[in-house]
Amino acid sequence: MATYNEKLIHNLDAFFKRLENNAQEIIETTPTFNLASERIMNIVASKLTTECEGYIYDLYFILADKIKKEKYFQDPVHLNAFYRLNLKEELNKKYHFEINSVNAYKNGIDFKEINRLYTSVGAAAGTFAVGGILKYTISSVVTIPFTVLIAGAAAAAFSTYCKVVPEKNKEAFLEAVKAFLNNLKKEIINWLNDIEVYFNNRVKSLYFND
């Protein structure tokens, strides 16, 4: 991401390191594999949702500030046309950050419901990679909250772990979680990159309408 790649990488590295530490503590102190999986899935989904909401707003304001400095948008008519796009609200709606509206989180995590929702949107997107699903939401109407998508990705990863390591060794489980978090971080970076591309393309449409 050209806009603020250095800051983004630093923030994401620190954030995912904290998630890794949280996961390790949960694995070490939780008596059963299923309970540990649920707790990790919950914390990753809820914390990442909040974190990414902040990134969305940061990215919007950085890009908007860059836009306002362009010669074309020194014209108040053009700048007002940009504001009428209401891209901040548009991006927020596309990713459904309202955590409290997720039924699966009202009375604990329901693995079956989360898997069903995640599978349905993954099938629509033609991929089950988090980055691909999130990119799909940019150009599509998706009613599944962001939190459920992340929880679904975690549930799918842990389900795969169950098949690979049936003895549920804690050390092996932690390594699997670390690998999942590392891949998730890369996909979040790619997703933010896609949002920047989407933003720029929406702004470019103003030139053609001039």
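Of the candidates N169, N183, the single residue that is modelled with pLDDT under 85 and either surrounded by fewer than 17 Cβ atoms within 10 Å (Cβ to Cβ) or at positive phi (or both) is N169. It is to be established whether one or more residues within the stretch 8-24 are under 25 Å from K204 (Cα atoms), surrounded by 13 or more Cβ atoms within 10 Å (Cβ to Cβ) and not β-branched (V, I, T). The answer is yes, given that some residue of the stretch 8-24 is under 25 Å from K204 (Cα atoms), surrounded by 13 or more Cβ atoms within 10 Å (Cβ to Cβ) and not β-branched (V, I, T). Restricting the stretch 56-90 to residues that are within 13 Å of N200 (Cα to Cα) and touching a residue at least 60 places away in the same chain (Cβ under 8 Å), the residue that is surrounded by the most Cβ atoms within 10 Å (Cβ to Cβ) is L59.
Pairing residues of the stretch 167-191 that are closer than 21 Å to G54 by Cβ with residues that are among the charged types (D, E, K, R), at Cβ distances under 7 Å and at least 6 apart in sequence or on separate chains, gives L181/E20; W191/K135. If only residues of the stretch 199-210 that are buried (at least 17 other Cβ atoms within 10 Å of the Cβ) and at pLDDT 90 or above are counted, the one that is farthest from R84 (Cα to Cα) is F199. When Y83, Y57, Y72 are screened for being aromatic (F, W, Y) and modelled with pLDDT under 90, only Y57 passes. Please specify each residue of the stretch 138-147 satisfying the condition of being assigned to a helix (DSSP H, G or I) and either surrounded by fewer than 23 Cβ atoms within 10 Å (Cβ to Cβ) or over 12 Å from the mean Cα position of the chain (by Cα) (or both). The answer is I138, and nothing else.
The values are calculated or read from the model by the stated rules, or taken from the named source; none is laboratory data. For clarity, every value in this text was computed on a predicted model and none was experimentally measured. Backbone-built Cβ (ideal geometry, glycine too); neighbour counts: all protein chains shown.
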